[in-house]
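Rule-based calculations on the coordinates, nothing more; no lab input. The structure presented is a predicted model; accordingly, all values stated were derived computationally and were not measured. Neighbour counts run over all protein chains shown; Cβ positions are idealised from the backbone, glycine included.
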Amino acid sequence: MTTRRIELLDPKRVKELWPSIEPLVRQVVQNSRHAPDPVDPEGIWHTAIHGVCHVLAFYDGDDLAMVLAFEFGRSKGARTATILAMAGRDLTAFKAAFWPSILAWFKENGAQYVDAYAEPRMARISMRKFGFTETCSYVRMAL
């Protein structure tokens, strides 16, 4: 049985692990049609190394299996933790092991809500497995 663990990365650690993080983030944001800017690998890189967004790294043994990039902010007067990217493998296993602790940590840091932009398929998974509710639809028109 492998050991699963989680690490909150400081900016120095983000730089060290970026060659492993970037492909995971790139895959998920390339598949996203309606994430807000600057949710792309470069945007996450710049905000993470400046301490604006935070990255949790999930390990399966010694292997980086998943990352969760998020930032704290405000939405309609409420403090939020907004998930910018959740990428990698073994989502269900890491959810079972760590999601309650992550939610408690968000709350301890003042968040009243957790927001996430998600493709329809991921939105269904988020609602069914993580307890999210659909609050709006985000639409966009190219000009």
If Lys and Arg each add +1 and Asp and Glu each add -1, what is the summed charge of the other residues whose beta carbon sits under 13 Å from the beta carbon of Arg128?
+3
Can you show me the helix-derived [θ] at 222 nm for the chain, built from DSSP H runs with n ≥ 4 at -39,500 (n - 2.57) apiece and divided by the number of residues, rounded to the nearest 500.
-13000 deg cm²/dmol
Taking the alpha-carbon distance from Lys107 and a cut-off under 26 Å, which lysines remain once sequence neighbours fewer than 8 residues away in the same chain are dropped?
Lys12, Lys76, Lys95, Lys129
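Give, as a single signed number, the net charge of other residues whose beta carbon lies under 14 Å from the beta carbon of Leu24, with Lys and Arg counted +1 and Asp and Glu -1. Intermediate values should be presented prior to the final figure.
Details: positive: Arg26, Arg89; negative: Glu22, Asp40, Asp60, Asp63, Asp90.
Charge balance near Leu24 sits at -3.
Starting from the Kirkwood Rh over alpha-carbon pairs, what translational D in µm² s⁻¹ does segment 4-130 have by Stokes-Einstein at 37 °C and 0.692 mPa s? Each step should come with its number before you reach the end.
Working: Rh = 14.8 Å.
Estimated via Stokes-Einstein, D reaches 222 µm²/s.
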Footprinting exposure proxy for Leu84, Leu24, Leu17 (fewest neighbouring C-beta atoms within 10 Å first)
Leu17, Leu24, Leu84
